[in-house]
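Undergrad: Okay, here's the structure, questions in a sec.
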Amino acid sequence: MALPPPSPLLNRELGTLAFNRRVLAQALDPAIPPLERLRYVCIVASNLDEFFETRVAQLQDLLEHEPAALTPDGLRVAEALQLIADDAHSLVAEHYRVLQHTIYPLLQAHGIRFVASAQWTAPQERWARSFFEREVLPVLTPIGLDPAHPFPKVLNKSLNFAVMLEGTDAFGRNVDLGIIQAPRALPRVLAIPDELVEHDGERHSFVLLSSLMHAYAGHLFPGLKVLGVHQFRVTRNSELFVDDDEITNLRTALQGELRARHYGDAVRLEVTSSCPQPLLERLMRENALQPRDCYRADGPVNLARLQSIIDMLPAGHLTYTPHLPAAIAGWPGAEPELFDRIRASDVLLHHPYDSFAPVVDLVRTSARDPAVLAIKQTIYRAGQTSDLMEALIEAARNGKEVTVVLELMARLDEETNINWAARLEAEGAHVVYGVVGFKCHAKMLMVVRRERVGRRGEQLRRYVHLGTGNYHTRTARMYTDFGLMTADDAICADVNQVFLEITGSSRFAPLRRLWQSPFSLLDNLIKAIRHEARLARAGRRARIWARVNALVEPTVIHELYKASRAGVEIRLLVRGPCMLRPGVAGLSENIRVRSVIGRFLEHSRVFMFHNDGADDVWISSADWMERNLFRRVEIAAPIVEPAAKAKVIREGLRVHWQTPGNAWDMDSAGNWRRARGWARSPGSHQLLVDSRNPPPQTPD
């Protein structure tokens, strides 16, 4: 019997797991400094947390309510969940093998060691006991399980300990199991004092909180015999459910949901490899999970928290040499003259290679410039501390009309954004919480300034910044993103129109230069793809190069397939999941897909259409995903000035195909392999770092 042809779409969740395999491969690269290799291990752990509490949670919810539903690649939900679980179990096992057999020995070779309780010297044991009794014991609440104390519903992703007990307590109750939840305020990794580091070759020794718990759990259950102490961790569905029809105050509704997030339905259970089967079965039963949802860890169950040691160690050769973003040539600094600079020509920034300081300068200068009347800005993620947000607050204090479209539903940053909203409102800023049902993901900043223009006297002029990344000063040093500063009248008018739609509930009006979702971005994207296909069919050169974080929107994928069949050369840089199959004869033989994984997180969205030699270039906040194209406010902005356009093509697209050092290529089955010649290449990230800060020349 012939097998049915494969679906033209690959599975999104399997693509996400494949992305994390590529990240984990960085931890095995001997060219990367040791602590950076540990960081990649921790990044994978953090990524998997979010994967389970969002993607897997959504599929499990779909299975419960629509068991016959199909995923976009044609699988029944139950089949998809099983395939995902199989792949995730394999990845988790590999994850801990890398930790135990590569990272731990590597760190130990550099004098960094995690010391288990069985390996403590007598002085170390005295220090550990003292620390536990002073700093840990007073904040723990042990729960001995009995009819009056049923199994607790532990917090999402919290570190917990199941203590197996034997004996009778003071009230005559037989207690066989105790549960201890480690408060999040407790450090998961402790540095052993230098004077107690006694092993030859060691410079820094650390103890995990779990080692303290294993050693001293008996202190919490005096009179009972401790038979075993086992870590466990429960990941819960973290989706927020806010009824659009019932909302009167989004901030109030969201605050209530945030409290509930920590106790959503369980989707994953992590236990240590030594956990006895009867205890494992009880933990699964208490959390309504199946065996496929349980993951055994050969090490700490909260691996992401190991990253804290990087900040505890002195900077040095064990991490990347710090990259100092380059200043923009001719940038005047935080002075009113920066408006003259933007008016003279567009300013294109490529972070983290170029400094993010000009963006902060623009807001800070606007806050202090008497000629500035108003500032409008969208904020999706800004971080708990932010010079830019402080500048907006200063502007409001100085009497400027400050309007901030602050997205309260930014996943996992909701609480931080609520806090910023309160501070902004307290200073008199207008805070708008986006559009109910549509996340505002567009990155827009507009300044309105009164200026004297020749003999015509004074008039209002707008200045705009548009970007692919968040207004987040920390991630601007770690994520690759483009930003455009411009005084172009048409673009500024479009940005003003988008702000009016969001804040004033006006009807959509066609924009002159920008593409905007959920209205025109997808339509214009498809028109541009089809135009290249028409050129190819007419025998003209046709090319589409694009760079996105994810490619999972079926309409765009099928249009790219049609363009490939027409003869269009298509090159796609896709950091994460890609549901398109490249290189399939008769379908996509003209499409290549590459992923770049390296020192920085690839975050830019760039689209280039050859357009018969015009090379139309766009930067955007939108990935090619359904949520971005249908359920979010997004924009794409054209790059028009020749120098700026050449920079985007050179640094945002071409360099990643010319420099394979940190590149992976995908085949038609969704498998990823290192790009040919990767071992002999420095990688595109290093090449761009060196372009801003050339390494010193060594004499011959």
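The values are calculated or read from the model by the stated rules, or taken from the named source; none is laboratory data. Small disclaimer: the values here were computed from a predicted structure and weren't measured. Because the Cβ atoms are built from the backbone with ideal geometry, glycine has one as well, and the counts that use them run over all protein chains shown.
Undergrad: Can A260 be described as assigned to a helix (DSSP H, G or I), outside the structural domain of D86 (by TED's automatic domain parsing) and at pLDDT below 90?
TA: Against the criterion (assigned to a helix (DSSP H, G or I), outside the structural domain of D86 (by TED's automatic domain parsing) and at pLDDT below 90), A260 qualifies.
Undergrad: Looking at the stretch 132-155, which of its residues are surrounded by 17 or more Cβ atoms within 10 Å (Cβ to Cβ) and part of a helix (DSSP H, G or I)?
TA: F132, V136
Undergrad: Pairs only if they're at least six apart or on different chains, beta carbon under 8 angstrom, first in the stretch 216-237 and farther than 20 Å from P138 by Cβ and part of a loop (DSSP other than H, G, I, E, B), second of a type in the set (S, T, N, Q) and at pLDDT 90 or above; list them, first residue then second.
TA: Once the first residue is farther than 20 Å from P138 by Cβ and part of a loop (DSSP other than H, G, I, E, B) and sits in the stretch 216-237, its partners that are of a type in the set (S, T, N, Q) and at pLDDT 90 or above give N237/Q60.
Undergrad: Let me ask something additional. For residues that are under 15 Å from T319 (Cα atoms), more than 20 Å from the chain's Cα centre (by Cα) and not in a loop (DSSP other than H, G, I, E, B), tally how many sit in the stretch 2-34.
TA: 1
Undergrad: Is it the case that the stretch 462-474 has a residue that's touching a residue at least 60 places away in the same chain (Cβ under 8 Å), basic (K, R) and in a strand (DSSP E or B)?
TA: Among the residues of the stretch 462-474, not one is touching a residue at least 60 places away in the same chain (Cβ under 8 Å), basic (K, R) and in a strand (DSSP E or B), which makes the answer no.
Undergrad: What single numbered condition from (1) in contact with a strand residue (DSSP E or B) (Cβ under 8 Å, 6 or more places away or on another chain); (2) surrounded by fewer than 20 Cβ atoms within 10 Å (Cβ to Cβ); (3) part of a helix (DSSP H, G or I) fails to hold for Q108?
TA: (1)
Undergrad: Mind listing whichever residues of the stretch 527-557 are of a type in the set (K, R) and assigned to a strand (DSSP E or B)?
TA: Once the filter is applied, which keeps residues that are of a type in the set (K, R) and assigned to a strand (DSSP E or B), the stretch 527-557 yields R543, R547.
Undergrad: Which count do you get for residues in the stretch 221-246 that are modelled with pLDDT under 90, out of contact with any helix residue (DSSP H, G or I) (no Cβ under 7 Å at 6 or more places or on another chain) and of a type in the set (A, V, I, L, M)?
TA: Matching residues across the stretch 221-246 total 1.
Undergrad: Can you tell me which residues in the stretch 619-678 are of a type in the set (F, W, Y), more than 26 Å from D346 (Cβ to Cβ) and in contact (Cβ under 8 Å) with a residue 24 or more places away in the chain?
TA: F630, W664, W672 - these are the residues of the stretch 619-678 that are of a type in the set (F, W, Y), more than 26 Å from D346 (Cβ to Cβ) and in contact (Cβ under 8 Å) with a residue 24 or more places away in the chain.
Undergrad: Could you give every pair whose Cβ atoms fall below 6 Å, whose first residue belongs to the stretch 529-552 and is within 16 Å of R571 (Cα to Cα) and in contact (Cβ under 8 Å) with a residue 12 or more places away in the chain, and whose second residue is among the β-branched types (V, I, T) and assigned to a loop (DSSP other than H, G, I, E, B), counting only separations of at least 6 or pairs across chains?
TA: Sorted first by the residue in the stretch 529-552, then by its partner, the pairs are E532/V568; A533/V568; A536/V568; A542/V568; I544/V568.
Undergrad: Here are the criteria: (1) under 16 Å from V606 (Cα atoms); (2) surrounded by fewer than 21 Cβ atoms within 10 Å (Cβ to Cβ). Tell me which single one L525 does not satisfy.
TA: The one condition L525 does not meet is (2).
Undergrad: Can you spot a residue in the stretch 362-370 that is within 21 Å of N496 (Cβ to Cβ), surrounded by fewer than 21 Cβ atoms within 10 Å (Cβ to Cβ) and not polar (S, T, N, Q)?
TA: So far as the stretch 362-370 goes, yes, one or more of its residues are within 21 Å of N496 (Cβ to Cβ), surrounded by fewer than 21 Cβ atoms within 10 Å (Cβ to Cβ) and not polar (S, T, N, Q).
Undergrad: Please find, among G330, G383, the residue that is in a loop (DSSP other than H, G, I, E, B), surrounded by fewer than 16 Cβ atoms within 10 Å (Cβ to Cβ) and either β-branched (V, I, T) or modelled with pLDDT under 95 (or both).
TA: G330
Undergrad: Return the only residue of I418, I393 being at pLDDT below 85 and in the same structural domain as Q459 (by TED's automatic domain parsing).
TA: Only one candidate passes the filter, namely I418.
Undergrad: I've got another one for you. Sort through L38, L83 and tell me the only one that's closer than 26 Å to A679 by Cβ and touching a residue at least 24 places away in the same chain (Cβ under 8 Å).
TA: Checking each option against the conditions leaves just L38.
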